[in-house]
């Protein structure tokens, strides 16, 4: 299953790279990013239309006419022409994957990085600025924060950059403290010594 996902991601990246290269000379790279997101949103809201585009029993010409009718004039020629290429190659089912790949490539081009942040309470602007500054120093890129409030954290925050997670939540610290206390209690039972949180003393 994972190999299939990796293959799909690889193909999506190829198309996304081609689209980015097409859009850069005319200064449309930013706009194309938003257009791809809009198309993905359109498919989310209209599953019947998405089913039509991905239905193997629907001919390429019928899909071509529908793409022209729905998208031409509403979106850039770069996007519509790219959709037509995907149609001819039977790759319209990759639109979401291409959207994701394009966003990552565009972030790389613009020296931006998407950072997911979970906090117990919403960040205020001062903390948001401080976090962006620290992330910029760490990554060398401008951090685009995707914020989520998670009351189960109690306090602190969890920062995730791609697959890397940095956990600074109070809950994690409490769990770590709890494990340390259990470990010390076990040592006390076996060694006959008494431990406190700050130091160890002879029992």
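The values are calculated or read from the model by the stated rules, or taken from the named source; none is laboratory data. As the structure is a prediction and not an experimental result, all values here were calculated from the model. Here the Cβ is made from the backbone with ideal geometry for all residues, glycine too, and neighbour counts use every protein chain on show.
What single numbered condition from (1) at pLDDT below 90; (2) over 29 Å from residue 152 (Cβ atoms); (3) touching a strand residue (DSSP E or B) at 6+ places or on another chain (Cβ under 8 Å) fails to hold for residue 55?
(3)
Going through the range 15-37 one residue at a time, which ones are assigned to a helix (DSSP H, G or I) and exposed (fewer than 13 other Cβ atoms within 10 Å of the Cβ)?
Passing the criteria: 21, 30, 34.
Residue by residue, here is whether (1) out of contact with any helix residue (DSSP H, G or I) (no Cβ under 6 Å at 6 or more places or on another chain); (2) exposed (fewer than 15 other Cβ atoms within 10 Å of the Cβ) holds:
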| site | (1), (2) |
| --- | --- |
| 45 | yes, yes |
| 50 | no, no |
| 56 | yes, yes |
| 62 | yes, yes |
| 65 | yes, yes |
| 74 | yes, yes |
| 77 | yes, yes |
| 98 | no, no |
| 117 | yes, no |
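With a cut-off of at least 2 residues that are under 30 Å from residue 80 (Cβ atoms) and either at pLDDT 75 or above or in contact with a strand residue (DSSP E or B) (Cβ under 8 Å, 6 or more places away or on another chain) (or both), name the helices (runs of 4 or more DSSP H) lying wholly within the range 95-195.
Once the helices (runs of 4 or more DSSP H) in the range 95-195 are filtered for at least 2 residues that are under 30 Å from residue 80 (Cβ atoms) and either at pLDDT 75 or above or in contact with a strand residue (DSSP E or B) (Cβ under 8 Å, 6 or more places away or on another chain) (or both), what remains is 95-109.
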